[in-house]
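Data block below; observations after.
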Amino acid sequence: MSYNAEAKADAVSPERLAGRYSYLEREGLLPLPTRDGVTIIVELAHKEWAEECLKRLLLYSGPAVRLTGVVMKEDFPLEPLLEQLSAETELSFLPYERGNYRTNEALADARTSFVVLVEDRVMVTPGWLGELLWPAIDDPAAYVTAPCSAAEEQEGRAVLRFGNDLELSAYVNHQLSRFRGEWQEVQVLSGPCLIITRDILQRTGGLDASLGERRYIIADWCLRARQLGARLALSSASYVHVLQPLEGNTGYTDGGEQAAYAEAGRAYCAKWGLPDERLGEAGLPVPGELSALERQPAIPLGRTAAALPLVTAVVYFEDKWPAAASMQRQLLLQAQQSYGNIRWVSVRDSWADTSPDFPVHEQDTVITVQGEKLWLHALESFSAMYQSEVTVYLSASVSYDSEYVTRIVKALQHSTAALIVSAAPGLAESELPSYPERGAAAVLPLERTAHRGGIMPGRIVKRESSRRSLLLCPGPELAVGYIAGGPASGAGGSVNDNLPSDGEGGTRK
Amino acid sequence: MMRSRPLRKASGNRLTAMMQVRNEAGRYLEQVLEELSDFVDEIVIVDDGSTDGTARLCQSFAKVTKLVTLESPLFSREWELRQTLWELALSTGPDWLLSVDADEFYEEAAKREMRRLIDQDVYDWVGFRLYDFWGGTTHYREDEHWNIHTKHTRTLVRYLPDFHYFTPRMDHHVPRLPLSYAVLPGFLAELRVKHYGWALSPEELRRKYERYMDLDPEGRWGSLEQYRSILDEHPRLVEWQGKGNSY
Amino acid sequence: MNYIIFSGVSWEAYSYKRLLDVLPEREDIVFAGTMSSSEQAESGIRSLSLEEIYRLPVKDFTVLVSSPYWLQDVLALSPAFVVALLEHCPEGEDGSLWDKYSGLLAAQADLTATASERLYLEQLLSRSGVVYLSGDSPLSYGLIRRGERLYFLADYEAVWKRALEELWHPQDKAADVEPWAAIQLRHRAEYYLSMCTKLPKQPTVHYLAASYLYLLGDERAAQLLTRSFELMLLHDYTDCLHSHYRFFSAMEAKRGNLELAVRQYEITAFTAEERAVSEQLQHWLDSGRRELVQAELYRLNEDGAAAIRLLEGAADPEARSLLLLNYTDTFQWEKALRLQQEPENTAGDPAAAVLQGSGAAISILQQIPVMEGTLYLLYGKRHAAIRSFLRAAGADQGARALFAEMADLEEAVGRLRGRMADDEV
């Protein structure tokens, strides 16, 4: 038999191929067009819808899909979700952290070639994801894809009413069968569901949270991606149903929300050189000639060093310490703490304490005052003098475990308390008050107290009778929270054993 | 405690006439002002940029308590003119207002009835029958385009502070009094007002016709047919009959 | 939560089936009447006869009533909660009877709902806790899962769900959440505001926008009312002094500009009664009794709900007679009777007799036994009802009308129950 090399390699017609492909798709026999799976990052902000959204994503996205739920609001209840979905292995959560836009962290952690960013008010249907991955494969230059929805821009906006999920699925399937494979390039996307390739994610970087409102944050990211040569694709065949909160900002609600939204719009326009008036038009204003504009700075993915709040650790020396010993003690304290962003300050009374000054690092400081009264006053007025997120008081005579500062910072980030007291080591968590209270405590041990930046903690007094002589009388309006102390062994006890047992300065146990 | 005055007085109402004028010297203005002085308490006038002795004429009447002379005429901005006059009238704190044109005469019976019409608290405006006299002061015109007397024209109104007074902003044929009165109860009096605006010689009529055609050549504000009817050679005229032994 | 449905029509014709689908915490749900077995299977609802319903543990049920002639049964059952679904009088029913008993039903209900915007507005002016069962937004505002099915909620369905949930889980007042009633008012206001932009010369959309803004206490209400009034004038619809102009007095009353509000009312006061009211307002204003003035201005503008809110907290002794009037107007007759029976009130305030507003010549004192009798009738105490009606009538003529109404009511109830039994499949 002669072999005709010129003959067409494949005698099957395109129509037949299409028919076979459609069959495979309908029967759910096709895998997703990605070898290493898909990471879906879900922004959790709507407690009534989150569970349903997550369940649908888990059920309908296909195999090899990992989900990360990022809590976007302080008051979002994560516990019920954790309980309901505890069995899901491919699901993890990033709890809320004040001042930290954790979506960027989640994006940084994504290892798969496709990443989906979706809001928890989006309801997907079986087989929704496949179609949305194709544009990036059909055309290597297209990296970002979105489905139609009620919250997408311009051509992507489809406002449709559905009574239930059956009606929704019927519509979605109908659209898919009519328009499968069709997508169009658009100028901007800002909607609740975005499919990104990891490649462009790495190059464009993270989301600019400073823009405040999600619509502008996403649009800004898409424009930055376009500046780097990416193309935005709208999949006309795809539709996801997005829910609208009843209290939504419809331009009428309480002034605060409206004002914030307007401010975000202005920030977006300012960033992209657009006149504010264009915000009044229908549709998001988009710069005409993107290439002509200067490239926007990239926003780093993940947690940045700046995300670690600055802590000022105020070290005070209660007893008379000989010079060398106090220097050593200071160094030891500094070295011990694992937390990565501390400014060390020591406050000394030169009348009581004759050791020379010794700042250790550039940002560290020594404050020397004369006389006990001034010394106490300096300790009290710390936040007024030095701005930081957290102020922690450390007594040189106490030993602290290495996670002490980290624990305090975490506690303040997750609590509404203004003051945090670390319980004596060994005290059980259950014995601590569970909620921050105001006015309940008359005095707190200063060496185990920390407070939020920008407030005056109260009066600091010296009590002669007790060994740990400095006490904080908290301001009655400040809420005090308690956390468990470190491990009971060794820590918290007196460290006088370490003092050289010479006559000067040291105190005996 | 002091009770504030009732909104509608059934007695002791002051009657204030309001008028806008433009170059009326030598026409009917003097006579109108004389007659008004007999039956109203006060007259306020807006002089829309007259260039003849109109202003001085107005000032010569004691009952003219307010006269505002506009330097440049607003005649093509009728709405503003009406507003100016209205606000001027309100500034006198009036009880009742009578809107009069410089060529309108109330028949004797109307003048006699005036007090009784306003000293009541049942209705807030009065409509009169206006007659367009034609070519002279003995006959009025009555035909297809000239029949204003078949309806009532509201010219006498009670001023109610705090009411919402609305006059639509138009360029021509702006109602002389705010439309708002239409929702308040009114009285349609079978009393007549003689309008001498068309009691002119044929040449004067022609000139008037030409002025209308200038201002409104496409008939946007008025009917072209009506404008043309001004030139009718033989309009249908009816002789005026006085009431009793008055005219 | 379990539900009982008291419909005025057969299951086939029942128009709230979709709302039943999205009922929150839906467990056992019963239809009073007959349903075929396939209907029951399909809907997940079972049908019971009235006798069977009386044997249910009714304290665990919320009742959804869409005919006022069920009121006697609802009162007899005394369920956990009553939801009134108000409708316009259907063909073949006596309009005034229907409207009166619908009013009484709404007053007894814990929650009132209606798909008619006119009824919605009327009810908003009579009480709180009113849901509008329609909306123009095409978006979905919530979801509810029932077994296999996930329902997407239209705006009013999300409100319906929330309103019901709040019946059995009352909102903590301190919670910083916008009340659902305000959300609906806002949606309505926004809808009409957008219509005003599309139809700038249409007086009705401006009027409706003004009405909702007024209910929201929004400053823009007066502007929109002004525009509506002007448009009415331009269209030559001159019969709007009371419907449009008088409304300003309610708006100014709400803002606390009582002097202006009273003058505005006075402009609209022509009949002898209205003039008397006007004088009374002025008198109260002069003596500094501002609460009475404000409440009365609300009532004169048919906003009984606002009047009641104000008067219930008022210290002024005369507030009670006004409150009595308002309770009567809004069909809250039990409250009216209780108020009347309080010792300070038995004398009966002559002022109350004067303040009638829109035409009714019967004084409140004469109304009391009629209200009493009607309530007795609704509570199944027929003899007591007859005694009260006799007391009310005095002369023969009055009695005949009252007994005729009693007969009409009993007949309407009888027809309803008969229909229930007749729908055999």
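Classify the stretch B:17-110 as rounded, prolate or oblate from the Cα gyration tensor: take a ≥ b ≥ c as the square roots of its eigenvalues, call it rounded if a/c is under 1.5, otherwise prolate when a/b beats b/c and oblate if not. It is oblate, given that a/c is not under 1.5 and a/b is not larger than b/c. Ordering A:238, A:282, C:288 by Cα displacement along the dipole of the protein assembly as shown toward the positive end leaves C:288 in first place; charges were set at the Cβ atoms of Lys, Arg (+1) and Asp, Glu (-1).
Counting only DSSP H runs of at least 4 residues, each contributing -39500 (n - 2.57), and dividing by the residue count of the protein assembly as shown, the helix-based mean residue ellipticity at 222 nm comes to -11500 deg cm²/dmol.
Rounded to the nearest 0.05, the FRET efficiency derived from the C-beta distance between residue A:202 and residue A:178 at R0 = 35 Å is 0.50. Sites listed here are GluC sites (Glu not before Pro) in the stretch C:65-172 whose DSSP assignment is loop and whose Cβ has at most 13 other Cβ atoms within 10 Å: C:91, C:148.
Within 10 Å of the Cβ of each residue in C:238-250, the mean number of Cβ atoms contributed by other protein chains is 2.
Between amide H atoms placed 1.01 Å from N, distances below 5 Å from residue A:143 occur with A:231, all of them 5 or more places distant or on a separate chain.
Counting only Cβ charges, +1 for Lys and Arg and -1 for Asp and Glu, the dipole size of chain B around its Cα centre is about 920 debye.
For the stretch A:84-184, trypsin sites (Lys or Arg not before Pro) meeting the loop criterion (DSSP other than H, G, I, E, B) and having at most 16 other Cβ atoms within 10 Å: A:98, A:111, A:161. Relative contact order of chain C: 13 percent, from C-alpha pairs under 8 Å at least 6 residues apart in sequence.
Residues whose amide H falls under 5 Å from that of residue A:69, counting only those 5 or more places apart or on a different chain, are A:42, A:92, A:93, A:94, with hydrogens built in the peptide plane. Taking chain B as a Gaussian network of alpha-carbon nodes connected by springs under 10 Å, the highest mean-square fluctuation of the residues B:48, B:162, B:119 belongs to B:162. How many angstrom lie between the Cα centre of the stretch A:19-87 and the Cα centre of the stretch C:17-87? The distance from the Cα centre of the stretch A:19-87 to that of the stretch C:17-87 comes to 39 Å.
Couplings 3J(HN,Hα) for the stretch A:95-103, derived from phi with the Karplus relation 6.51 cos²θ - 1.76 cosθ + 1.60 (θ = phi - 60°), are x, 5, 9, 4, x, 10, 8, 6, 4 Hz, where x marks Gly and Pro. Note on residue A:282 and residue B:121: their simple-model spin labels are 5.6 nm apart, each label 7 Å out from Cα toward Cβ.
Derived scalar couplings between HN and Hα for the stretch C:293-303 equal 4, 4, 4, 5, 5, 5, 4, 5, 9, 6, 9 Hz in order, rounded to whole Hz, by the Karplus curve 6.51 cos²θ - 1.76 cosθ + 1.60 (θ = phi - 60°), x for Gly and Pro. In this structure the amide hydrogen of residue A:348, modeled in the peptide plane, comes within under 5 Å of the amide hydrogens of A:367, A:368, A:369, none closer than 5 places in sequence on its chain. The alpha carbon gyration tensor of the stretch B:15-239 gives principal lengths a ≥ b ≥ c with a/c below 1.5, which makes the shape rounded. Taken one residue at a time, the phi angles of the stretch A:391-408 give Karplus couplings (6.51, -1.76, 1.60, θ = phi - 60°) of 10, 10, 9, 10, 8, 5, 8, 10, 9, 10, 6, 5, 9, 3, 5, 4, 4, 4 Hz. Gly and Pro are set to x.
Applying 1/(1 + (r/R0)^6) with r as the Cβ-Cβ distance of residue B:226 and residue C:365 and R0 = 56 angstrom yields a FRET efficiency of 0.30. Express as a percent, rounded to the nearest 5, the fraction of DSSP beta bridges in the protein assembly as shown (both residues included) that run antiparallel. Antiparallel bridges make up about 35 percent of those DSSP assigns within the protein assembly as shown. Taking the DSSP bridge list for the stretch C:2-170 and keeping only pairs wholly inside it, about 20 percent are antiparallel. Could you tell me whether chain C comes out rounded, prolate or oblate from its Cα gyration tensor? Rule is a ≥ b ≥ c as square roots of the eigenvalues, rounded for a/c under 1.5, then prolate if a/b exceeds b/c, otherwise oblate. Here chain C falls in the oblate category. Beta-bridge orientation, the stretch A:14-292: approximately 35 percent antiparallel, per DSSP, counting only bridges with both partners inside. With Cα atoms defining each centre, the stretch B:50-86 and the stretch A:93-110 are spaced 75 Å apart in the structure.
Rule-based calculations on the coordinates, nothing more; no lab input. Fair warning: this is a prediction, and the values are worked out from it, not measured in the lab. Don't worry about glycine lacking a Cβ; one is built from the backbone with ideal geometry, like all the others, and counts go over all protein chains shown.
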